[in-house]
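In what follows, a structure is listed as structure tokens, so that the remarks can point back to it.
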Amino acid sequence: MQIGRVIGTVVATQKNPKYDGAKLLLVQLLTPDGAARGTPVLAVDSVGAGVSERVLVVQEGRAAGEALRRKLAPVDTAIVGIIDRVETGGDRPIPQAPKAEASERAGRRPRQS
Amino acid sequence: MQLARVIGDVVVTRKDPGLMGLKLLVIQPLTPDRRPAGRSLVAVDSVGAGVGEEVFFVRGKEASFPFYPTEVPADAGIVGIVDQWTLT
């Protein structure tokens, strides 16, 4: 799945019947750090996401069809969750052990954290 | 799905039987501010889109679903004509 942000809504009266009643939202995919990634996509919404919310997006046909709960729906992208929080540890090393006595540290350079 | 504009059509006489009778359109994917987003491609049409119209399309085998049970060897299909979109 990908992380994205809802940036707009789409109205399309003439469309495949499997889309009837489904909400179509414009989503900007993001990196976990929140930067925009790629061109915004259209997604069907199955969880009631609102504009500006961060969402979880599937971009695989079978999963998207399941999110819409319709067989043979010609969809390839669906919102499947609303994100509360994203935490990434990044490349930070494992925190070092508690600091030793000053005398024991004498002559050694402190490690960066 | 992605936004796109229909920019042309393709005539293919000798083709896979699964494509018989289907309209093939050239589409240009778009960003929401109507700039080109990637390469143009050919998509099957199941909603009656015309050149110049803004549409949205699906990729992958889902492109064949509107024609089920006919097995259509397509990997892109127009599934809707866009009236408008609103950005916040």
In the stretch A:67-99, the residues that are at pLDDT 95 or above, open to solvent by less than 20 Å² (accessible area, probe 1.4 Å) and not in a loop (DSSP other than H, G, I, E, B) | A:A78, A:I79, A:G81
Take B:A63 and decide whether it is in contact with a Pro (Cβ under 7 Å, 6 or more places away or on another chain) and surrounded by fewer than 20 Cβ atoms within 10 Å (Cβ to Cβ).
-> no
Please work out which residue is farthest from the other protein chains (Cβ to nearest Cβ), limiting yourself to the stretch A:3-21 and to residues that are out of contact with any Gly (no Cβ under 9 Å at 6 or more places or on another chain), at pLDDT 95 or above and surrounded by fewer than 20 Cβ atoms within 10 Å (Cβ to Cβ).
-> A:P17
Do we find that A:L29 is in contact with a Phe, Trp or Tyr (Cβ under 8 Å, 6 or more places away or on another chain) and either open to solvent by less than 20 Å² (accessible area, probe 1.4 Å) or within 20 Å of B:R35 (Cβ to Cβ) (or both) in this structure?
-> no
Mind listing whichever residues of the stretch A:15-64 are free of Cβ contacts under 8 Å to residues at least 12 places away in the same chain and under 20 Å from B:F65 (Cα atoms)?
-> A:K15, A:P17, A:D20, A:G21, A:R62
When the stretch A:36-47 is examined, which residues are found to be over 13 Å from A:Q59 (Cα atoms) and either among the β-branched types (V, I, T) or open to solvent by less than 50 Å² (accessible area, probe 1.4 Å) (or both)?
-> A:T39, A:V47
For the stretch B:1-82, which strands (runs of 3 or more DSSP E) that fit wholly inside it have 2 or more residues that are more than 10 Å from chain A (Cβ to nearest Cβ) and touching a residue at least 40 places away in the same chain (Cβ under 8 Å)?
-> B:2-9, B:23-29
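The values are calculated or read from the model by the stated rules, or taken from the named source; none is laboratory data. All of these numbers come straight from a predicted model, not from anything done at the bench. FYI the Cβ positions are ideal-geometry reconstructions off the backbone, even for glycines, and counts take in every protein chain you see. Quick note on the areas: whole protein, heavy atoms, side chains included, nothing else; ligands and nucleic acids left out. Shrake-Rupley method; radii C 1.70, N 1.55, O 1.52, S 1.80 Å.
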